[in-house]
Amino acid sequence: MSEPPMTNPTLRAIVGLGNPGAEYEYTRHNAGFWFVDRLADAGRAQFRVESKFQGVVAKVRLGGADLLLLKPATFMNRSGEAAQALASFYKFAPEEILVAHDELDLSPGTARLKRGGGHGGHNGLRSLHQHLGENYARLRLGIGHPGNKDLVHDYVLGRPSQPDLRLIEDALSRSQAALDTLMKQTWDKASQQLHTDPNAVKQPKKTPPEAKA
């Protein structure tokens with residue numbers, strides 16, 4: 001017997017993950033910031049500093065509902081502190097929060113919605129797990145993988161190539177459209193819309209040179 005379609009729980013806030021400061025603005029690790037910036041621009045909303053939330057906040061209206069957008073100013077590995085402050089103040093449940101973040105395991109141009117699960121070694125998600133638990137929703141924005149775990153730190157803090165940037169920007173646009181569907185219809189409809197894009201393929205695992213026979 002198939003499971004019934006997942007209806008959309010009330011979405012109250014979107015937290016974009018990234019690092020503050022001009023030196024990080026265009027790095028792969030800031031893909032979550034890029035997404036909420038797009039939402040703010042589309043809604044003609046301005047971010048304002050909110051010290052009690054350790055970040056900057058904007059309010060937009062989407063699908064007939066108000067959404068709060070948060071960009072933590074805590075740096076990536078303390079993102080959960082800002083998200084928890086927002087959730088505690090407004091009494092948001094983790095399920096009412098969508099976190100947009102960069103994803104090494106997805107190719108540039110791919111974006112996927114996910115509910116709950118592990119943090120996959122992502123420092124921002126690790127912090128969110130510590131402060132909110134694991135039941136928040138995620139928008140995973142593919143940035144690709146450098147092929148070796150020892151290269152990951154410099155890779156995520158580097159800028160994408162122009163071809164990759166174009167693919168990521170396309171994924172951001174499709175994610176924005178899927179969010180509109182999510183707000184007006186169901187999680188399943190939004191997921192299907194986003195995941196059936198031809199770019200939505202998993203980043204192939206690359207075998208490190210030292211592990212090859």
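Is it fair to say residue 35 is within 21 Å of residue 131 (Cα to Cα), aromatic (Phe, Trp, Tyr) and touching a residue at least 12 places away in the same chain (Cβ under 8 Å)? Judged against the criteria, residue 35 is not a match. I need the full set of residues from the range 164-186 which are open to solvent by 20 Å² or more (accessible area, probe 1.4 Å), of a type in the set (A, V, I, L, M, F, W, C) and either over 22 Å from residue 61 (Cα atoms) or in contact (Cβ under 8 Å) with a residue 60 or more places away in the chain (or both), in order please. Across the range 164-186, the qualifying residues are 165, 167, 183. If I filter the range 163-172 for residues that are in contact with a Lys or Arg (Cβ under 6 Å, 6 or more places away or on another chain) and among the small types (Gly, Ala, Ser), do I get at least one hit? Among the residues of the range 163-172, not one is in contact with a Lys or Arg (Cβ under 6 Å, 6 or more places away or on another chain) and among the small types (Gly, Ala, Ser), which makes the answer no.
Evaluation of residue 26 against the conditions (1) touching a strand residue (DSSP E or B) at 6+ places or on another chain (Cβ under 9 Å); (2) open to solvent by 40 Å² or more (accessible area, probe 1.4 Å) shows that the sole unmet condition is (1). Answer with yes or no whether residue 197 is modelled with pLDDT under 95, open to solvent by 30 Å² or more (accessible area, probe 1.4 Å) and either part of a strand (DSSP E or B) or touching a Lys or Arg at 6+ places or on another chain (Cβ under 7 Å) (or both). Spelling it out, residue 197 is indeed modelled with pLDDT under 95, open to solvent by 30 Å² or more (accessible area, probe 1.4 Å) and either part of a strand (DSSP E or B) or touching a Lys or Arg at 6+ places or on another chain (Cβ under 7 Å) (or both). The set of residues from the range 96-113 being within 23 Å of residue 67 (Cβ to Cβ) and either in contact with a helix residue (DSSP H, G or I) (Cβ under 7 Å, 6 or more places away or on another chain) or at pLDDT below 95 (or both) comprises 97, 99, 100, 101, 102, 111, 112, 113. Assessment of the range 92-105 against the conditions (among the charged types (D, E, K, R), open to solvent by less than 10 Å² (accessible area, probe 1.4 Å) and in contact (Cβ under 8 Å) with a residue 12 or more places away in the chain) yields at least one matching residue.
The set of residues from the range 29-64 being under 18 Å from residue 78 (Cα atoms) and of a type outside the set (A, V, I, L, M, F, W, C) comprises 29, 30, 32, 50, 51, 52, 54, 55. Quick one: is residue 151 surrounded by 14 or more Cβ atoms within 10 Å (Cβ to Cβ), modelled with pLDDT of 95 or more and in a helix (DSSP H, G or I)? In short, no. Would you confirm, using the coordinates I've provided, whether residue 165 is closer than 16 Å to residue 27 by Cβ and part of a helix (DSSP H, G or I)? Spelling it out, residue 165 is indeed closer than 16 Å to residue 27 by Cβ and part of a helix (DSSP H, G or I).
Tell me which residues, restricted to the range 89-116, are in a loop (DSSP other than H, G, I, E, B) and over 27 Å from residue 160 (Cα atoms). Those that are in a loop (DSSP other than H, G, I, E, B) and over 27 Å from residue 160 (Cα atoms): 91, 92, 93, 116.
Based on this model, can you work out whether residue 59 counts as open to solvent by 40 Å² or more (accessible area, probe 1.4 Å), part of a helix (DSSP H, G or I) and under 19 Å from residue 84 (Cα atoms)? So residue 59 does not fit the description; no.
Of everything listed in (1) assigned to a helix (DSSP H, G or I); (2) surrounded by fewer than 18 Cβ atoms within 10 Å (Cβ to Cβ); (3) free of Cβ contacts under 8 Å to residues at least 40 places away in the same chain, the single unmet condition for residue 146 is (1). Only one of 162, 203, 185 is modelled with pLDDT under 95, among the polar types (S, T, N, Q) and farther than 18 Å from residue 14 by Cα; which? Result: 203 is the single residue among 162, 203, 185 that is modelled with pLDDT under 95, among the polar types (S, T, N, Q) and farther than 18 Å from residue 14 by Cα.
The values are calculated or read from the model by the stated rules, or taken from the named source; none is laboratory data. Note that this is a predicted model, so its numbers are computed, not measured. A quick note on method: Cβ atoms are made from the backbone with ideal geometry, for glycine too, and the neighbour counts reach across all protein chains shown. Accessible surface is based on the protein model in full, side chains and every heavy atom, while ligands, DNA and RNA are left aside. Shrake-Rupley method; radii C 1.70, N 1.55, O 1.52, S 1.80 Å.
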